[in-house]
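**Q** Encoded as structure tokens, here's the structure I'll be asking about.
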Protein chains: 2
Amino acid sequence: MSSSSQNSSPPAEKNAKAPSRSRGLKRVSALLDGASAVFAEAGYEAATMTQIAARSGASIGSLYQFFPTKEHVAAALHARHLDTLAGMLDLLAGEVRGHSVEAAVDALFARFVAYLEDNPAFLAVSERRSLDPAVKKEARARLRGRIAALLGAVEPPIAEARVASLAAVTLHLIRVAAMLRADDDESVRAPAIAELRTMLKGHLAGQPG
Amino acid sequence: MSSSSQNSSPPAEKNAKAPSRSRGLKRVSALLDGASAVFAEAGYEAATMTQIAARSGASIGSLYQFFPTKEHVAAALHARHLDTLAGMLDLLAGEVRGHSVEAAVDALFARFVAYLEDNPAFLAVSERRSLDPAVKKEARARLRGRIAALLGAVEPPIAEARVASLAAVTLHLIRVAAMLRADDDESVRAPAIAELRTMLKGHLAGQPG
DNA sequence: CCTTTATATGAGGATACCCTCATGTTTTTA
DNA sequence: TAAAAACATGAGGGTATCCTCATATAAAGG
């Protein structure tokens, strides 16, 4: 009932042993970093446990000591990123309180998209087919809630009834913007992103009823 | 140099033998249908050639007779869907010529999103990691071009300079709408899609300069 | 120091997958 | 009808992956 995510159970059945000594803590951290790199480059499914171990400077046995399954690795990484993002959004909500929607959207886009670009492994594990749909839904709901809180703090206020669905749309647009940057090339990318932000701001500032 | 896609070369090197007799034509059709089902359920990477053959009512050997690689299967499926979609958009462009942007967007959303929902294998092969980026870019450009043509035919006309980037945004929003339907649940999905369409229409009808 | 617990290691078992190939069957051609 | 070409089949080779396990080292406790 405290802060971060001690839940977010991996798959189930096989329970990963958490590290207790400081050496173990460092190892899992290194393992997650290595996994991030491999997932980012190869995607979840093509990533291999051997690659992850090598990239982390650990043996395959050490990897399996803490993560009995590739799924467990992805789940841990997912949870770690969600916690970070949630914290970032909480901070941001405080910063933009009382500001205009335009300013809030600009800040939100800038930071969120930057995060997704800097952490491609997050998208990789977020969209893997093996991710439990319930966990996926919960993760989206969590981010949506944070965005709704952020949108609810701008001035002049947005009609309360619209905040929820606007938050949903905003979250998806952010994802699109991130995918845009990865997919298209510069000539079509830049104007498209500008168009996306303009569109969102116009819509959010639009008729409140 | 005529109509459909005799290009769209699979990977390369190994060239698939095209069927010449009618039996062969039926077989490749059945194989692509089976592949569609398997790709839709399992995704490209987890799909196995054995599953595809079984689902198609063919032996593994027959599958490899026409598609020397899983990549070839995906490439063929991709090309087939692109041709179908392009044709659909051409028809639609004719239908909405002279209509309002609102009507055009409604029709476009309805048909395109329905197509993506009815053919989940298309998204699966479109987003597989092994897809050659050049082919991916070309595919997007093709669809974008069709949408631009469609948007260029509405009345009153949209400023010509904006059409290209608006088409890009529209294409991405359609994808988001399709993903929305697959991901979120009903309570958040319906209002979010409505919001997306409203937003796009408002933006497209907005200030022309 | 000695016992106990945590962490480390890499060879290899089990499995699944991609794809080949030798052989058989159907259809076309002459 | 006979020869040729296209298509069909499934056992199995080669390989790669996930994961286990017996064993070894480092750290903590008493």
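The values are calculated or read from the model by the stated rules, or taken from the named source; none is laboratory data. Predicted model, so just to flag it, every value in this text is computed and none were measured. We place every Cβ from the backbone using ideal geometry, glycine too, and count neighbours over all the protein chains shown. For accessibility, only protein heavy atoms count, side chains too; no ligands or nucleic acids. Shrake-Rupley method; radii C 1.70, N 1.55, O 1.52, S 1.80 Å.
**Q** Pop out a list of residues from the stretch B:179-195 that are at least 10 Å² less accessible with all the protein chains around than in their chain alone; 1.4 Å probe, no ligands or nucleic acids counted.
**A** B:179, B:180, B:183, B:184, B:185, B:188, B:191, B:192, B:195
**Q** Need one word for the stretch A:97-157: rounded, prolate or oblate. Basis is the Cα gyration tensor (sqrt eigenvalues a ≥ b ≥ c); a/c below 1.5 gives rounded, then a/b vs b/c decides.
**A** Judged from the Cα gyration tensor, the stretch A:97-157 comes out oblate (a/c at least 1.5, b/c at or above a/b).
**Q** Also: For the protein assembly as shown, what number results from the quotient of the Cα radius of gyration and 2.2 N^0.38 Å?
**A** Normalised by 2.2 N^0.38 Å, the Cα Rg of the protein assembly as shown equals 1.07.
**Q** Per residue of B:132-139, how many C-beta atoms from partner chains lie within 10 Å of its own C-beta, taken as a mean?
**A** 1
**Q** Can you compute the helix-only [θ] at 222 nm over chain A? Use -39500 (n - 2.57) per DSSP H run of at least 4 residues, normalise by all residues, nearest 500 deg cm²/dmol.
**A** Taking each H run of at least 4 residues, the total per residue is -24500 deg cm²/dmol.
**Q** Continuing with the same structure: Between the label point of residue A:61 and that of the same position in each other copy, find the distances and list them shortest first in nm, with every label point placed 7 Å from Cα along the Cα-to-C-beta direction.
**A** When each copy's label point is compared with this one, the spacings are 4.6 nm.
**Q** Also, I was wondering about something else. Treating each Cα of the stretch A:69-205 as an identical point scatterer and ignoring solvent, apply the Debye formula and state log10 I(q)/I(0) at q = 0.10 Å⁻¹.
**A** For the requested q values the scattering log ratios are -0.34.
**Q** Here's something else I'd like to know. Tilt of helix A:186-205 relative to the longest C-alpha principal axis of chain A, in degrees (0 to 90, nearest 10)?
**A** 60
**Q** Would you check chain B for Lys pairs whose C-alpha atoms are within less than 24 Å, ignoring same-chain pairs closer than 8 in sequence, and give me the count?
**A** 10
**Q** Round to a whole number: what % of the accessible area of chain A belongs to carbon and sulfur, probe 1.4 Å?
**A** Ligands and nucleic acids excluded, carbon and sulfur reach 55 percent.
**Q** Over what distance in Å are the Cα centres of the stretch B:103-143 and the stretch A:113-168 separated?
**A** 24
**Q** Same structure again: Sorted from shortest, what are the nm distances separating the label point of residue B:18 from equivalent points in the other copies, each placed 7 Å from Cα along Cα to C-beta?
**A** 6.2
**Q** Another question, if that's okay. Which whole-number value in Å² is the accessible area per residue of the protein assembly as shown, probe 1.4 Å?
**A** Per-residue accessible area for the protein assembly as shown comes out at 48 Å².
**Q** Right, here's the next one. From the label point of residue B:152, set 7 Å along Cα to the beta carbon, how far off in nm is each other copy's matching point, shortest first?
**A** For residue B:152, the inter-copy label distances come out at 4.7 nm.
**Q** For the stretch A:19-68, what does the alpha-carbon gyration tensor say about shape, rounded, prolate or oblate, given a ≥ b ≥ c as the root eigenvalues, a/c under 1.5 as rounded, and a/b over b/c as prolate?
**A** Cα axes put the stretch A:19-68 in the prolate bin.
**Q** What total accessible surface area, summed over both chains, is buried at the interface between chains A and B, computed with a 1.4 Å probe and given in Å² to the nearest 100?
**A** Answer for the A-B pair: about 2800 Å² buried.
**Q** With θ set to phi - 60° and the Karplus curve 6.51 cos²θ - 1.76 cosθ + 1.60, what are the ³J(HN,Hα) couplings of the stretch B:133-146 in order, to the nearest whole Hz, using x for Gly and Pro?
**A** Whole-Hz 3J(HN,Hα) from phi for the stretch B:133-146: x, 5, 5, 4, 4, 5, 4, 4, 4, 5, 5, 4, x, 5.
**Q** Further, regarding this structure: Could you tell me which residue in chain A puts its beta carbon nearest the axis mapping A onto B, with the distance rounded to whole Å?
**A** A:45, 2
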